[in-house]
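In what follows, a structure is listed as structure tokens, so that the remarks can point back to it.
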Amino acid sequence: MNECAVDRRTVIATGAVLAASLSLGSAPAGARASMDTRTTPLTRDITLSVNGTDHAIRVDTRMTLLDALRDKLGLTGSKKGCDQGQCGACTIHVEGERHLACLTLTVAVEGLHITTVEGLAEGESLHPMQQAFIDHDAFQCGYCTSGQIMSAIACVREGHAGSDEDIREYMSGNLCRCAAYPNIVAAVNQAKNEMERG
Amino acid sequence: MRPFAYERPTDAATAVALASVPASAHVTAPVQYKGGGTTLIDLMKLDVMQPTTVVDITAIDDEAMHRIVPSDEGLRIGSLVTMAKLHADPSVVRDYPLLTESLWQAASQQLRNMARLGGNVLQRTRCLYFRDTSYDQCNKRVPGSGCAALDGSNRGHAVLGTSDQCIALYPGDWAPALVALDARVEVLGRTGKRLIAFADLHRLPGTTPHIETSLSPGELITAFIVPGGPRRRSLYRKIRDRESYAFANASAAVAIELDGRTLRDVRIGLGGVATIPWRAHRAEGMLRGQELTEANARAAAEAEFGDARTREHNGYKVVLGKATMVRALLDAQAMEVPR
Ligand SMILES: Cc1cc2nc3c(=O)[nH]c(=O)nc-3n(C[C@H](O)[C@H](O)[C@H](O)COP(=O)(O)OP(=O)(O)OC[C@H]3O[C@@H](n4cnc5c(N)ncnc54)[C@H](O)[C@@H]3O)c2cc1C
Ligand code: SF4
Ligand code: FES
Ligand code: FES
């Protein structure tokens with residue numbers, strides 16, 4: 001595991017007190033620290049706009065958007081599958097475009113509008129894509145589902161859901177270990193029609 | 001990941017000033033540019049890249065770096081254009097199919113929305129010994145340490161342009177198209193702008209696989225210039241382990257011009273088989289002015305791979321590379337080209 005993951009767990013385990021002390025300059029523990037000449041985390045105070053709400057937070061420059069969403073804002077809908085850009089479980093929208101939160105630096109999205117799966121429903125009524133995933137049983141364990149839904153909404157908006165073939169091609173960045181793929185294609189087709197009707 | 005300072009300048013000159021620090025190579029410099037970050041942040045997490053400062057170039061407020069415009073010199077593509085934006089541009093789709101097909105078949109839509117074309121051409125090898133620092137031997141990561149891939153797991157490694165020090169594959173899909181079209185790269189350094197041939201951007205590994213490009217530390221790619229064209233009879237063929245979202249096992253970017261069956265012009269770039277974006281000069285030389293037949297295409301492919309050097313697990317790339325090149329040429333011949 002890389003150092004970032006170790007840091008993240010440490011922060012989760014011991015909470016904000018340690019996070020604050022790290023930001024004040026004490027060196028993080030760990031085998032690599034002794035080899036590294038630069039052990040002092042650099043932090044920034046930023047405003048993060050997520051699902052229409054502004055959050056003033058202090059982040060380490062290294063913190064990915066995925067970790068900030070999950071650990072700083074408690075928005076755990078976005079999942080960490082691979083943390084290397086390979087699985088799509090962390091898909092979110094930045095200015096309406098689908099991006100991977102695990103390869104995005106939090107400091108780099110200051111001032112941009114971010115949408116996560118938590119921001120889709122309006123009150124009690126689900127987004128047509130969420131409803132379609134339920135209607136078509138488009139998941140089993142559900143781990144990939146929030147990423148699939150975020151990706152699918154963008155896929156429709158991009159105009160890349162014209163045929164089953166297109167849907168499969170343009171959804172290929174979202175892996176599903178349970179192989180719910182046929183049902184996902186069916187769900188996207190249903191939601192596409194509703195989204196296009198307005 | 002190691003701590004780093006983050007800068008987000010709004011003009012190119014400031015970015016270059018921040019990044020122009022002494023270093024042995026562009027890729028190992030302590031100040032690294034970040035476009036989409038899909039190579040950089042990944043490799044920083046793995047501790048393979050260890051910059052002390054990351055200069056985010058996406059906020060640079062220079063129109064020319066964000067746009068695609070036809071010009072007198074050819075098609076000018078800003079280095080901050082995303083992969084997704086270029087493959088969705090209708091005029092580029094029509095006039096340069098190889099430039100757009102090579103992009104939509106690369107990575108995933110999420111990655112293509114993030115990744116910029118400047119970073120795209122500079123993406124690093126996927127060699128697993130390079131990406132995993134628990135292996136001691138990797139001349140590219142630690143110069144002089146040896147190469148674990150030579151006698152290791154080398155199914156994904158190159159057969160063309162290799163050396164005894166490194167057989168790492170250049171993994172990108174877009175660069176073979178650029179090299180086939182004689183593209184040029186516009187580069188901004190501390191002393192001003194210069195143009196280099198795209199073919200001179202990537203260096204063969206030789207004895208110095210850790211020096212990957214001819215860029216000096218701090219040099220910023222600002223644009224790509226694709227001369228000539230349109231190239232409507234052109235395409236990209238990519239063969240991979242699964243149908244989508246995988247790197248190439250072998251690929252070919254071709255652009256041809258026909259007089260009946262005779263090849264007035266032929267350009268071939270190969271991916272998935274070589275250490276750098278590979279221009280198939282030898283094959284082109286044999287085909288130019290000749291009839292395009294399957295037999296001629298096969299003979300040219302045979303010659304192009306004549307010097308291929310295989311290791312234990314990558315012999316299939318010679319067979320697949322040749323077949324992919326032949327198929328790309330014949331498919332281009334069969335294309336219905338809009339007038
Ligand atoms: C899971 C996965 C699958 C992928 N599959 C494919 C695939 O099938 N085909 C394919 O071709 N690619 C594939 N890629 C690679 C992807 O295309 C590249 O990571 C991406 O294009 C890099 O662009 P970026 O803007 O994110 O670069 P960054 O990560 O921002 O930068 C990469 C490097 O280039 C330097 N740099 C960036 N911009 C400039 C500039 N303007 N001037 C000078 N230096 C600069 C940076 O300092 C850094 O060292 C895949 C990547 C992932 C993670
Ligand atoms: S092939 Fe190159 S990158 Fe891979 S281990 Fe050998 S030296 Fe390193
Ligand atoms: S967690 Fe981001 S792509 Fe897998
Ligand atoms: S539903 Fe289990 S991974 Fe997709």
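The values are calculated or read from the model by the stated rules, or taken from the named source; none is laboratory data. Note that this is a predicted model, so its numbers are computed, not measured. Here the Cβ positions follow ideal geometry from the backbone for every residue, glycine too, while neighbour counts run over all protein chains shown. Calculation scope for accessible area: heavy atoms of the full protein, side chains included, ligands and nucleic acids excluded. Shrake-Rupley method; radii C 1.70, N 1.55, O 1.52, S 1.80 Å.
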Checked A:ASP71, A:ASP54, A:ASP137, A:ASP60 against criteria (open to solvent by 10 Å² or more (accessible area, probe 1.4 Å), farther than 25 Å from A:ARG157 by Cβ and more than 10 Å from chain B (Cβ to nearest Cβ)); the one match is A:ASP71
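Matching residues to (1) touching a residue at least 24 places away in the same chain (Cβ under 8 Å); (2) more than 23 Å from the chain's Cα centre (by Cα); (3) closer than 19 Å to B:SER216 by Cβ:
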| site | (1), (2), (3) |
| --- | --- |
| B:ARG2 | yes, yes, no |
| B:ALA15 | yes, yes, yes |
| B:ALA19 | yes, no, yes |
| B:HIS26 | yes, no, yes |
| B:LYS34 | yes, no, yes |
| B:GLY37 | yes, no, no |
| B:LEU40 | yes, no, yes |
| B:VAL48 | yes, no, no |
Does B:ALA283 meet the test of being at pLDDT 95 or above and among the hydrophobic types (A, V, I, L, M, F, W, C)? yes
For A:ASP83, which of the numbered conditions (1) open to solvent by 50 Å² or more (accessible area, probe 1.4 Å); (2) more than 14 Å from ligand 4 (Cβ to nearest atom); (3) of a type in the set (D, E, K, R) fails to hold? (1)
Only one of A:THR115, A:THR145, A:THR64, A:THR91 is hydroxyl-bearing (Ser, Thr, Tyr), within 16 Å of ligand 4 (Cβ to nearest atom) and in the same structural domain as A:PRO41 (by TED's automatic domain parsing); which? A:THR91
Which listed residue is out of contact with any helix residue (DSSP H, G or I) (no Cβ under 8 Å at 6 or more places or on another chain), more than 13 Å from every other protein chain (Cβ to nearest Cβ) and open to solvent by less than 50 Å² (accessible area, probe 1.4 Å), from A:GLY123, A:GLY142: A:GLY142
Helices (runs of 4 or more DSSP H) contained in segment B:97-195 and holding at least 2 residues away from ligand 4 (no atom under 16 Å from the Cβ), buried (at least 19 other Cβ atoms within 10 Å of the Cβ) and free of Cβ contacts under 8 Å to residues at least 40 places away in the same chain: B:97-104, B:109-114
Residues to consider are A:GLY77, A:GLY81, A:GLY111, A:GLY96; find the one that is under 20 Å from A:MET171 (Cβ atoms) and within 11 Å of chain B (Cβ to nearest Cβ). A:GLY96
For segment B:196-213, give me each residue that is among the polar types (S, T, N, Q) and buried (at least 17 other Cβ atoms within 10 Å of the Cβ). B:THR208, B:THR213
Identify all residues within segment A:145-166 that are surrounded by fewer than 20 Cβ atoms within 10 Å (Cβ to Cβ) and without any contact (Cβ under 8 Å) to a residue 40 or more places away in the chain; write none if there are none. A:GLU158, A:GLY159, A:HIS160, A:GLY162, A:SER163, A:ASP164, A:GLU165, A:ASP166
In segment B:1-91, which helices (runs of 4 or more DSSP H) lie fully inside it and hold 2 or more residues that are within 14 Å of another protein chain (Cβ to nearest Cβ) and in contact with a helix residue (DSSP H, G or I) (Cβ under 7 Å, 6 or more places away or on another chain)? B:40-45, B:83-87
So is A:ILE149 assigned to a helix (DSSP H, G or I) and away from ligand 3 (no atom under 16 Å from the Cβ) or not? no
Looking at A:GLU97, is it open to solvent by 50 Å² or more (accessible area, probe 1.4 Å) and assigned by TED's automatic domain parsing to the domain that holds A:LEU65? yes
